[in-house]
Amino acid sequence: MWCPGCGIGTVVNIFIQTIEKLNVDVEKLCVLSGIGCTGKIVDYLKFNSAYRVNGNVLQYASELKLKNPDKKVVVFLNDVDFMMAGADDLMNIGTKGMDVFVIYINNFIYYVLVEHRVLLKTPFMGTTIDKSSTSPFNIPHLAKSCGARYVARWTPLHVRRLMYSMRDALQRHGLSFVEVVSPCLIYYASDGIVGRSFDRMKFFHDNAVIKHNEPIENLDIRSQDKVIVGEFIDEREK
């Protein structure tokens, strides 16, 4: 399904390995996804799962959690999913302390949604979209502001560290949030610069800096030459 070198397959692989290593009872797990390429994730999982193509996946996650308080809800998001949902439902999950684990695959396609909206307003007219506006938010900061008790960021290169973060997130109570920086091959890397799998991994290696416990105010990708990754928030229960 996914392009060679796309980080989604790697994230799904790591997620499945994490579930196996933790020996999680899959009957107590619900996995949700939205639209686009991440929406196909649930097709490859044998867990209780569903995808929302015309609705708010975060709102559905909170409703599902309220109806099934004994289950751990895992949500796979991309940029478009989050733009459709907004921060309100993420904040609702966080403030109510729901056991929801959000895996946000930051595929940098925000401008695609913007372009679509512009074209709807100006049919049959060309327009130029500034692709530098690919991620309008400091995602970890936003997650913390919405009440996340565990926040981390990795790339598809950091497979073992990503597994550790997924392990920790699955075992924490409340909202857990892990961002995976993995630009879409079609919209971002189609110029061939980092299009091949090997080149993409080298790009992540050369441009990611691990800084655990870095203040979340410093994690805005737009203002940095390097992508800061690591584990930033871990509020364990006393």
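Would the stretch 126-135 turn up any residue that is open to solvent by less than 50 Å² (accessible area, probe 1.4 Å), at pLDDT 85 or above and part of a loop (DSSP other than H, G, I, E, B)?
No - not one qualifying residue is present in the stretch 126-135.
Return the residue satisfying two criteria in turn: it lies in the stretch 50-69 and is of a type in the set (Lys, Arg) and in a helix (DSSP H, G or I), and of such residues it is nearest to ASP89 (Cα to Cα). If you could, list the steps in order and put the result at the bottom.
Taking the stretch 50-69 and keeping what is of a type in the set (Lys, Arg), we get 52, 65, 67.
Subsequent filtering for residues that are in a helix (DSSP H, G or I) retains 65, 67.
Numbers: LYS65: 13, LYS67: 16 Å.
Ranking the qualifying residues of the stretch 50-69, first place goes to LYS65.
Could you check, for the stretch 162-171, whether at least one of its residues is part of a helix (DSSP H, G or I), modelled with pLDDT under 95 and either over 18 Å from LEU77 (Cα atoms) or of a type in the set (Asp, Glu) (or both)?
Looking for residues that are part of a helix (DSSP H, G or I), modelled with pLDDT under 95 and either over 18 Å from LEU77 (Cα atoms) or of a type in the set (Asp, Glu) (or both), one finds at least one in the stretch 162-171, hence yes.
Just the residues that are open to solvent by less than 30 Å² (accessible area, probe 1.4 Å) and either free of Cβ contacts under 8 Å to residues at least 40 places away in the same chain or in a helix (DSSP H, G or I) (or both), please, taken from the stretch 28-49.
Within the stretch 28-49, THR38, GLY39, ILE41, VAL42, LEU45 meet the criteria.
Mind listing whichever residues of the stretch 1-17 are among the β-branched types (Val, Ile, Thr), within 16 Å of SER49 (Cβ to Cβ) and open to solvent by less than 50 Å² (accessible area, probe 1.4 Å)? I'd like the intermediate steps shown before the answer.
Residues of the stretch 1-17 that are among the β-branched types (Val, Ile, Thr), as a first pass: 8, 10-12, 14, 16.
Next, from what is left, pick out any that are within 16 Å of SER49 (Cβ to Cβ): 8, 11-12, 16.
Of everything in the stretch 1-17, those that are among the β-branched types (Val, Ile, Thr), within 16 Å of SER49 (Cβ to Cβ) and open to solvent by less than 50 Å² (accessible area, probe 1.4 Å) turn out to be ILE8, VAL11, VAL12.
Scan ILE233, ILE210, ILE186 and give me the residue that is open to solvent by 50 Å² or more (accessible area, probe 1.4 Å), among the aliphatic types (A, V, I, L, M) and at pLDDT 95 or above.
Exactly one of ILE233, ILE210, ILE186 is open to solvent by 50 Å² or more (accessible area, probe 1.4 Å), among the aliphatic types (A, V, I, L, M) and at pLDDT 95 or above, namely ILE210.
Considering the stretch 1-27 alone, what residues qualify as being under 15 Å from the mean Cα position of the chain (by Cα) and part of a helix (DSSP H, G or I)?
Within the stretch 1-27, GLY7, ILE8, GLY9, THR10, VAL11, VAL12, ASN13, ILE14, PHE15 qualify.
Could you tell me which of the residues LEU66, LEU58 is open to solvent by 30 Å² or more (accessible area, probe 1.4 Å) and hydrophobic (A, V, I, L, M, F, W, C)? Quick ask: steps written out before the conclusion?
Numbers: LEU58 fails: open to solvent by 30 Å² or more (accessible area, probe 1.4 Å).
Going through LEU66, LEU58 in turn, just one is open to solvent by 30 Å² or more (accessible area, probe 1.4 Å) and hydrophobic (A, V, I, L, M, F, W, C): LEU66.
In this structure, is GLU27 acidic (Asp, Glu) and modelled with pLDDT of 90 or more?
no
Given the structure, is VAL114 outside any strand (DSSP E or B), farther than 27 Å from PRO4 by Cα, open to solvent by less than 50 Å² (accessible area, probe 1.4 Å) and modelled with pLDDT under 60?
So VAL114 does not fit the description; no.
How many residues does the stretch 66-94 contain that are modelled with pLDDT of 90 or more, touching a Cys at 6+ places or on another chain (Cβ under 8 Å) and under 16 Å from CYS146 (Cβ atoms)?
Residues meeting the conditions: 5.
Please verify whether ASP88 is within 18 Å of LEU175 (Cβ to Cβ), open to solvent by 60 Å² or more (accessible area, probe 1.4 Å) and of a type outside the set (Gly, Ala, Ser), treating the condition exactly as stated.
When the stated conditions are applied, ASP88 passes them.
Tell me which residues, restricted to the stretch 138-167, are open to solvent by 10 Å² or more (accessible area, probe 1.4 Å) and either touching a Phe, Trp or Tyr at 6+ places or on another chain (Cβ under 6 Å) or of a type in the set (S, T, N, Q) (or both).
ASN138, SER145, LEU157, ARG161
The values are calculated or read from the model by the stated rules, or taken from the named source; none is laboratory data. In this text the structure is predicted, and so the values were computed from the model without any measurement. For neighbour counting, all protein chains shown are included, and Cβ atoms are generated from backbone atoms with ideal geometry for every residue, glycine included. For accessibility, only protein heavy atoms count, side chains too; no ligands or nucleic acids. Shrake-Rupley method; radii C 1.70, N 1.55, O 1.52, S 1.80 Å.
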